[in-house]
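S.K.: Pasting a structure below so you can have a look.
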Amino acid sequence: MMKLYMATITILLLIGCGPENKPNVKSAMFQSVSSQEATLVKSGKDKASCSRCGMNLVMFYKTSHVAQHKDKPQQYCSIHCLQDHLGEGVTLKNPQVVDADSLKLIHVGDASYVVGSKKRGTMTRVSKYAFLDEKMAEKFQEKFGGKIMNFNEALEVAKKDFKR
């Protein structure tokens with residue numbers, strides 16, 4: 001009986017050693033990338049933290065947005081946090097989003113957002129992933145569902161995220 005307990009404990013401990021618990025290794029979460037793949041625009045000790053909520057930008061990179069505020073780069077974990085900052089009357093310049101395919105920053109006006117896919121979003125019940133190439137957005141939509149929208153339409157959906 002003691003051997004069975006020890007074996008169970010050992011297995012449970014090993015489960016916690018998977019790649020999702022190791023730094024700089026891709027996580028099982030779709031939003032996550034390795035720290036080498038992420039483009040972080042801020043500097044200092046909070047470089048990897050969302051400018052609004054403090055969430056880890058590498059962990060939630062594929063939903064990340066970037067903008068300038070008072071000539072200082074800001075990076076947000078999600079369109080929700082970007083919208084939250086805009087909701088305070090803040091003016092942001094040069095808004096960008098991560099292309100979920102290439103992981104590069106692209107202007108939000110060039111992005112096709114897949115809204116409401118089966119892939120979990122960040123800070124929302126309704127996921128929002130952006131793609132530079134509309135064909136990639138369509139492939140993602142075919143595989144995971146959702147509706148293709150432009151930035152302004154996706155932003156309107158984000159405004160409704162926490163009104164319930």
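We did not get these values from a lab; they are worked out from the coordinates using the rules stated. Because the structure is a prediction, the values reported are computed rather than measured. Reconstructed Cβ throughout: ideal geometry from the backbone, glycine too, with neighbour counts over all protein chains shown.
S.K.: What is the distance, in nm, between label points placed 7 Å from the Cα along the Cα-to-Cβ direction at LYS70 and at GLU138?
M.R.: 4.5 nm
S.K.: Moving to a separate point now. If r is the Cβ-Cβ distance from LYS159 to SER34 and R0 is 45 Å, what FRET efficiency results, to the nearest 0.05?
M.R.: After rounding, the FRET efficiency stands at 0.90.
S.K.: Right, next: So which lysines can LYS143 reach, going by Cα to Cα under 16 Å and dropping same-chain residues fewer than 8 places off?
M.R.: Cα-Cα hits under 16 Å: LYS118, LYS119, LYS128, LYS135.
S.K.: Given R₀ = 25 Å, FRET efficiency for LYS47-ASN94 by Cβ-Cβ distance, to 0.05?
M.R.: 0.85
S.K.: Alpha carbon centre of region 68-82 versus region 131-164: separation in Å?
M.R.: If you average the Cα positions of each part, the centres end up 19 Å apart.
S.K.: In percent, what relative contact order does region 30-159 have, based on Cα pairs under 8 Å that are 6 or more apart in sequence?
M.R.: Once normalised by length, the contact order is 21 percent.
S.K.: Sticking with this structure for a sec: Please list, short to long, the whole-number percent of alpha-carbon pairs of region 22-164 in consecutive 5 angstrom bins beginning at zero.
M.R.: 2, 11, 21, 25, 22, 13, 6, 1, 0
S.K.: In a shell of Cβ-Cβ distance under 14 Å around LYS104, excluding LYS104 itself, what net charge do Lys and Arg (+1) and Asp and Glu (-1) give?
M.R.: In short, -4.
S.K.: Nearest 20 debye, what's the magnitude of the dipole of region 49-164 about its Cα centre given +1 on Lys and Arg Cβ and -1 on Asp and Glu Cβ?
M.R.: 460 debye
S.K.: Counting other Cβ atoms within 10 Å, keep those with at most 15, restrict to DSSP loop, and tell me which chymotrypsin sites (Phe, Trp or Tyr not before Pro) in region 132-164 are left.
M.R.: Sites meeting the loop and neighbour criteria: PHE162.
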